[in-house]
Amino acid sequence: MQARINDHIVVEGTHLGLERRIGIIVGIDHPDGSPPYRVHWLDNGRTTLFFPGPEAHIAPAHGSPVGPGR
């Protein structure tokens, strides 16, 4: 998984009753765009360090090119 600043990260609910979470990537520690990411969550306004699992995917920010490995 690779991301850029301002990309959205989408975490799908894995259990009944869990809703999808969407956050904006505000920090990346690795130059290749690999996790973990600092994410500002839209549902509660908090910013956390996030290690994405298999239920997460990246939605590129508007205007960001989409390429292999994204």
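Can you sort 10, 39 from fewest to most other Cβ atoms within 10 Å of each residue's own Cβ?
Details: 10 15, 39 25.
Ranked by crowding around the Cβ, least crowded first: 10, 39.
Rounded to the nearest 0.05, what FRET efficiency is calculated for residue 2 and residue 41 with R0 set to 30 Å and r the Cβ-Cβ distance?
Efficiency, rounded to the nearest 0.05: 0.90.
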Inter-probe distance in nm under a simple model that places probes 7 Å from Cα toward Cβ, at residue 48 and residue 12: 2.0
Backbone HN-Hα couplings from phi across region 47-57 [Karplus 6.51/-1.76/1.60, Hz, Gly and Pro as x]: 10, 9, 7, 10, 9, x, x, x, 8, 10, 9
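Taking N as the number of residues in region 8-59, what is its Cα Rg relative to 2.2 N^0.38 Å? Before the final figure, lay out the partial values.
Details: Rg = 11.0 Å, N = 52, 2.2 N^0.38 = 9.9 Å.
With N residues counted in region 8-59, Rg over 2.2 N^0.38 Å equals 1.11.
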The chain: relative contact order as a whole-number percent, Cα under 8 Å and 6+ apart: 36
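Values quoted throughout were computed directly from the atomic coordinates according to the rules given, and no laboratory measurement underlies them. Remember, it's a predicted structure, so these values are computed and weren't measured experimentally. Using ideal geometry, Cβ is built from the backbone for each residue, glycine included, and neighbour counts are taken over all protein chains shown.
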